[in-house]
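The next block holds one structure in the form of C-alpha cells; read it before the comments.
The values are calculated or read from the model by the stated rules, or taken from the named source; none is laboratory data. Treat the numbers as computed from the prediction; the structure is a model and nothing was measured. Reconstructed Cβ throughout: ideal geometry from the backbone, glycine too, with neighbour counts over all protein chains shown. To get the accessible areas, we keep the full protein, side chains included, count just its heavy atoms, and leave off ligands, DNA and RNA. Shrake-Rupley method; radii C 1.70, N 1.55, O 1.52, S 1.80 Å.
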Amino acid sequence: MDSPPIFLITGSPATGKSSVSRELMRRYPRGVHIELDAVREWVVSGISHPIDWCEETTAQFELAEDVATDAARRYQGAGFAVALDHCTMPFRLRAWLERGLAELHPRRIVLTCHLSENLERNRLREIKDFDYSILEPYLPQLNEAFVKETWPGWHVLDTTCLTLEETVKRISI
C-alpha cells in the first residue's frame, strides 16, 4: 500500500500557503497541516525573527524545519497526508530538502502571485495574530525571489486570479 503524500507548499507571504494547505488536507480521509510559522512560535522566549536575520535566526529556522520533517514522517507513517507550509528563501528550501526532507519525497508546490495582488492580500489577511503590515517593505523582494526563481521539479502555480478551490484543484492529489 502506498504511503499518503507529503506536500511542501511554499511561496512569499500572502500567496495562500496556509489556506491552500488546510483545504488540500481536508480532501484526504486523514490530513494534517504543519505550518512552519506555528512550529517556530513554540519558542516562548528567545525567538529570533526573520526581519532581523542573524545566525540565531538561521539556527532556529533549521531546527523548526527539522522538527517539521520529523513530525511529517511520523504522521505519514500513521496514515496521514501531510502539508508542510513554509515561507523561506528558495536556497533555504533546497538546504532543508538536502538535510532530510527529500527522503520523504514531498510533492513540491510553489504559490506565486503578482506583486500588487500580494500586497493587497497581505493588507486583508486576518488568519494569524500578527501585524502583517510589518511585512510590506519586504514583500517586493520576497515576491520577486519566488517569481524569478527557476523551480525544476516543482509545480509552480500563479494564484493571482485563482480562487482557493481552483488552486487546490490544480494541485494533483
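Can you tell me which condition Thr88 does not meet? The list is (1) surrounded by fewer than 16 Cβ atoms within 10 Å (Cβ to Cβ); (2) in contact with a helix residue (DSSP H, G or I) (Cβ under 7 Å, 6 or more places away or on another chain); (3) at pLDDT below 95, and all the others hold.
The single condition Thr88 does not satisfy is (1).
Could you please let me know if Ser45 is within 13 Å of Ile171 (Cβ to Cβ), polar (S, T, N, Q) and out of contact with any His (no Cβ under 9 Å at 6 or more places or on another chain)?
In short, no.
Of all residues in the stretch 1-58 being of a type in the set (A, V, I, L, M) and closer than 19 Å to Ala78 by Cα, which is farthest from the chain's Cα centre (by Cα)?
Among them, the one singled out is Met1.
List pairs: first in the stretch 153-173 and closer than 17 Å to Arg107 by Cβ, second of a type in the set (S, T, N, Q) and loosely packed, with under 11 Cβ neighbours inside 10 Å, Cβ under 9 Å, 6+ apart or cross-chain?
Going by the 9 Å Cβ cut-off, the qualifying pairs are His155/Ser172.
Go through the stretch 94-133 and count every residue that is farther than 14 Å from Ser18 by Cα and modelled with pLDDT of 80 or more.
Summing the residues that are farther than 14 Å from Ser18 by Cα and modelled with pLDDT of 80 or more in the stretch 94-133 gives 22.
Quick check on the stretch 83-95. Is at least one of its residues at positive phi and not in a helix (DSSP H, G or I)?
So far as the stretch 83-95 goes, no, none of its residues is at positive phi and not in a helix (DSSP H, G or I).
Of these, Leu115, Leu101, Leu93, which one is in contact (Cβ under 8 Å) with a residue 12 or more places away in the chain and open to solvent by 40 Å² or more (accessible area, probe 1.4 Å)?
On inspection, the qualifying residue turns out to be Leu115.
Find all pairs meeting these conditions: Cβ atoms under 8 angstrom apart; at least six residues apart or on different chains; first residue within the stretch 49-69 and over 11 Å from Arg99 (Cβ atoms); second residue open to solvent by 50 Å² or more (accessible area, probe 1.4 Å) and of a type in the set (Ser, Thr, Tyr).
What qualifies is Ile51/Tyr138.
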